[in-house]
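The values are calculated or read from the model by the stated rules, or taken from the named source; none is laboratory data. What you are looking at is a predicted structure, and each value in this text was computed from that prediction instead of being measured. Because the Cβ atoms are built from the backbone with ideal geometry, glycine has one as well, and the counts that use them run over all protein chains shown.
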Ligand code: FRU
């Protein structure tokens, strides 16, 4: 098997063979980004949950490695996170290589949280304490899972964020630890919206690395912004959407990033077509990595997400158009067929502006201050009279970033393999400020 099947994503991660779902254990260590993932090593459908593993130097070109954590004692391995034990709190460090720890859910009723560690940069993992609990079952049976662990520098403690299932409100438990082995519950956060794969992460506000706030989000990417003191998360209780599309699920962010960025990847959860019906050797894919930042808007603090700049390594050739009318932009676009696309469009708009963008048979419409794609509405009100949209198109996905990432929409999509046509149209005179199309090379 290789990576060149008709529906194989060319710049999104998919497993060489078989099923994947949630990204797990995203962490950077010694020049490598690690992406572990919920994986069925035996079949093209969900089951036999194992941590698959891939590494990359740029979050764009991935190399799949042998599976990292396998089922044991009759339980499978559900989602979780990895972290670098920078201060050797676990005491397992060998030489100069920092220990990589992976906290996961041991999925055998009643579920508990367990840990594995690696002293060889993630090449092999040992179960900690034979895979026994680091956090025993808290009384919610199978509904407690997906531990997010991270080092909280100001309080010099490890924190774990754990979703537990109960009737509304849902619940998140927060634990602290000094040594990754003994964990103490320090607070609870109760909200209706919380559900699976919680991530709590510190983000910069308006591009200022000295001004930060915390973001808590769940698997379906609802979020709240607030303060976290190492123990308690407090917010103004305003719940917002981090993705408008139907296929962004169970995202998490890299621990131990080498720079100021916070980068997340989500599972682009799709139905089984066309992967199964077209007899693809794999099933499901990951989203393209996006940075996450907060931005002050008239409507309060909002999350902005944007494709990582490393995508530029895939740029092949480029069509670039500035300040022109719609018809001339449309003619040039039509003469520039492409398969893998990173397209940016900026146009002048008011309440009555309507515009259509065609991408390989997919149709995105702008009207009434929003982009419409399939059943999805992505808000994009003109800012100073201008609307912008960036779209990434791969063999099996379309990702929309409206207004510089203020509204993002992730779509698993069945693209016609041989359709390369791009187009733009409107019944009105629309001023195009900018249209840039990069054709992309395959990452494989
Ligand atoms: C989310 C999820 C997690 C669980 C994993 C099992 O998609 O249900 O809560 O750990 O998938 O594969």
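Worth pointing out:
- When residues of the stretch 91-110 are limited to those that are within 25 Å of the chain's Cα centre (by Cα) and more than 17 Å from residue 178 (Cα to Cα), the one farthest from the ligand (Cβ to nearest atom): 106
- Of all the residues in the stretch 144-183, those that are surrounded by fewer than 19 Cβ atoms within 10 Å (Cβ to Cβ), out of contact with any helix residue (DSSP H, G or I) (no Cβ under 9 Å at 6 or more places or on another chain) and not in a strand (DSSP E or B) number 12.
- Scan of the stretch 199-212 for residues that are over 15 Å from residue 226 (Cα atoms) and crowded, with 18+ Cβ neighbours inside 10 Å, ordered by number: none
- For residue 25, the requirement of being modelled with pLDDT of 95 or more, at positive phi and assigned by TED's automatic domain parsing to the domain that holds residue 277 is met.
- For residue 247, the stated conditions hold: it is within 18 Å of the chain's Cα centre (by Cα) and within 16 Å of the ligand (Cβ to nearest atom).
- Here the strands (runs of 3 or more DSSP E) wholly within the stretch 1-67 that include at least 1 residues being under 18 Å from the mean Cα position of the chain (by Cα) and over 22 Å from residue 123 (Cβ atoms) are 18-29.
- Residue check, residue 196 modelled with pLDDT of 95 or more, under 21 Å from the mean Cα position of the chain (by Cα) and surrounded by fewer than 21 Cβ atoms within 10 Å (Cβ to Cβ): yes
- From the options 230, 242, residue that is out of contact with any helix residue (DSSP H, G or I) (no Cβ under 6 Å at 6 or more places or on another chain) and at positive phi: 230
- Filtered residues of the stretch 257-278 (kept if in contact (Cβ under 8 Å) with a residue 12 or more places away in the chain and away from the ligand (no atom under 16 Å from the Cβ)): 257, 258, 260, 261, 262, 263, 273, 274, 275, 276, 278
- In the stretch 126-143 there is at least one residue matching the filter, namely being assigned to a strand (DSSP E or B), free of Cβ contacts under 8 Å to residues at least 12 places away in the same chain and away from the ligand (no atom under 15 Å from the Cβ).
- Qualifying residue in the stretch 279-293 (condition: away from the ligand (no atom under 14 Å from the Cβ) and surrounded by fewer than 13 Cβ atoms within 10 Å (Cβ to Cβ)): yes
- Going through (1) within 15 Å of residue 256 (Cβ to Cβ); (2) surrounded by 15 or more Cβ atoms within 10 Å (Cβ to Cβ); (3) more than 16 Å from the ligand (Cβ to nearest atom) one by one, residue 25 falls short only on (3).
- Of the residues making up the stretch 222-244, those that are in a loop (DSSP other than H, G, I, E, B) and either touching a strand residue (DSSP E or B) at 6+ places or on another chain (Cβ under 8 Å) or within 16 Å of the ligand (Cβ to nearest atom) (or both) number 10.
- Condition met for residue 184 (free of Cβ contacts under 8 Å to residues at least 12 places away in the same chain and assigned by TED's automatic domain parsing to the domain that holds residue 240): yes
- Number of positions in the stretch 294-311 that are without any contact (Cβ under 8 Å) to a residue 40 or more places away in the chain and surrounded by 13 or more Cβ atoms within 10 Å (Cβ to Cβ): 0
- Looking only at the stretch 184-221, residues that are within 16 Å of the ligand (Cβ to nearest atom) and in a loop (DSSP other than H, G, I, E, B) come to 10 in all.
- Check on residue 54, more than 13 Å from the ligand (Cβ to nearest atom) and closer than 19 Å to residue 290 by Cα: yes
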